[in-house]
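Read-outs throughout are calculated quantities, based only on the coordinates presented, and are distinct from any laboratory measurement. All figures in this text were calculated on a predicted structure; none of them were measured in a lab. Cβ: placed from backbone, ideal geometry, glycine included. Neighbour counts: every protein chain shown.
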Amino acid sequence: MEVIIQKNTDAGCLLGARIIAKLVREKPDAVLGLATGRTPLQLYQELIRLHRTEGLDFSRITTFNLDEYVGLPATHDQSYRWFMRENFFRHINIDQRRTHVPDGTAADVHAECRDYEKRIEAAGGIDLQLLGLGRNGHIGFNEPTGSLRSRTWIKILSEQTLRDNSAVFGDFAQMPRHAITMGVGTILDARRVLLLAFGPAKCRAVTAMVEGPLAAICPASALQLHPRATILLDDTSAAGLQYADHYRWIDQHKLDWQKHD
């Protein structure tokens, strides 16, 4: 696990965008796994800027989103399909036919979950999976105590997740209680993982993920098993790490080919 501590959220998102942009330039037909929520917004804004000012080309890129609420149509302004279209896809030259988000209104949700796995496999697997981190340690909508080998499936959202997301959704009572999400096993299949976690509210989850035991109570701890997981933090989210100085030392003394700048 590669832990990189930046001074603030701005620096972390800019570095994350550079990592993704480097992959897109090196592999123009890369498959990206994408995340929604407040955390990656600034990263998407920087990728849009790179597209507009430096010609970063997304025309051959394929994307798969982590999750979607069950019951929300793509036209709903709180659906993740809507989020991705408004905050990223419509601002770049991506082929909309190559963008995939689970269908939360599918007549057979179980079949949709199985088909999503098949679509990822048919695309050749995910080259880089972008993740956020829930305050309870979830990645995607894989809540605590779930299987660390799970595949794309329907998840019941925890009360903590519902309350955290209600600020964006606008009404706790009206929030969907279920979501389709890539499983932890699906996420671990990605050839590279890039996780962003910023702010003091994520401090406890970050500590459990990076330095805690591998345990289903913190689904993100499964990333300890991944051969190429990069964790981007800021000073506040990293405040609880016992070995924070060690991670900074390692980052400062990387070989040239290991550096992201």
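At 37 °C and 0.692 mPa s, grab the translational diffusion coefficient of segment 143-247 from Stokes-Einstein with a Kirkwood Rh over Cα pairs, rounded to a whole number in µm² per second.
In µm²/s, the coefficient rounds to 220.
Compare the Cα positions of PRO28, PRO73, GLY137 along the charge dipole of the chain (+1 at Cβ of Lys, Arg; -1 at Cβ of Asp, Glu; about the Cα centre) and return the one farthest towards the positive end.
The residue sitting farthest along the positive end of the dipole is PRO28.
Amide H of LEU194: which non-local residues (sequence gap of 5 or more, or other chain) have their own amide H closer than 5 Å, using H built in the peptide plane?
Excluding prolines and chain starts, which carry no amide H, the hits are GLN129, LEU130, LEU131, THR230.
Along segment 63-73, what does the Karplus equation 6.51 cos²θ - 1.76 cosθ + 1.60 (θ = phi - 60°) give for ³J(HN,Hα), rounded to whole Hz, x for Gly and Pro?
For segment 63-73, the Karplus curve yields 10, 10, 7, 5, 7, 7, 5, 6, x, 9, x Hz.
Take the Cα coordinates of segment 1-151, assign each an equal point scatterer, and use the Debye formula without solvent to give log10 I(q)/I(0) at q = 0.10 Å⁻¹.
Listed by q, the Debye log ratios stand at -0.36.
Consider all pairwise Cα distances in segment 26-91 and report the whole-number % of them above 17 Å.
On the way: 952 of 2145 pairs.
Percentage above 17 Å: 44.
Whole Å is fine, so just give me how far the alpha carbon centre of segment 134-181 lies from that of segment 14-72.
22 Å
Report, in order of residue number, the helices in the chain meeting two criteria: a C-alpha extent of 24 Å or more along the helix axis, and a mean Kyte-Doolittle hydropathy of at least 0.5; treat each whole DSSP H run as one helix.
9-26
Determine, at each q value in 0.19, 0.22 (inverse angstroms), the log₁₀ of I(q)/I(0) that the Debye formula gives when each Cα of segment 86-218 is one equal point scatterer.
Computed log10 I(q)/I(0) values: -1.34, -1.55.
Kindly provide the helix-only [θ] at 222 nm of the chain, computed as the sum of -39,500 (n - 2.57) over DSSP H runs of four or more divided by all residues, to the nearest 500 deg cm²/dmol?
Value at 222 nm, helices only: -10000 deg cm²/dmol.
Using 0.36 nm times the number of residues separating GLU211 and ASN87, minus their current alpha carbon distance, what extension gain do you get?
Gain on extension, GLU211 to ASN87, equals 41.3 nm.
Considering only C-alpha atoms, what is the centroid distance from segment 217-242 to segment 106-126, in Å?
28 Å
Please rank HIS253, HIS138, HIS260, HIS91, fewest neighbouring Cβ atoms within 10 Å first, as an exposure proxy.
Going from sparsest to densest Cβ surroundings: HIS253, HIS260, HIS91, HIS138.
Looking at ILE92, LEU241, THR207, which one has the Cα that reaches farthest to the positive end of the dipole of segment 2-253 (charges on Cβ: Lys, Arg +1; Asp, Glu -1)?
ILE92
What is the fewest-to-most order of ARG97, ARG204 by other Cβ atoms lying within 10 Å of their Cβ?
So the residues, fewest neighbours to most, are ARG97, ARG204.
Under 24 Å between C-alpha atoms is the cut-off here; go through the chain and count lysine pairs that meet it, provided they're at least eight residues apart or on different chains.
Number of lysine pairs found: 11.
For HIS100, what residues show an amide H to amide H distance below 5 Å, using hydrogens built from the backbone and excluding near sequence neighbours?
THR63, PHE64, ASN65
If you wrap the chain's Cα atoms in a convex hull and average its projection over all directions, what's the area in nm²?
Hull-based average projected area comes out at 12.9 nm².
Once you charge only the Cβ atoms, +1 for Lys and Arg and -1 for Asp and Glu, what is the size of the charge dipole of the chain about its Cα centre, to the nearest 20 debye?
Computed charge dipole of the chain: roughly 240 debye.
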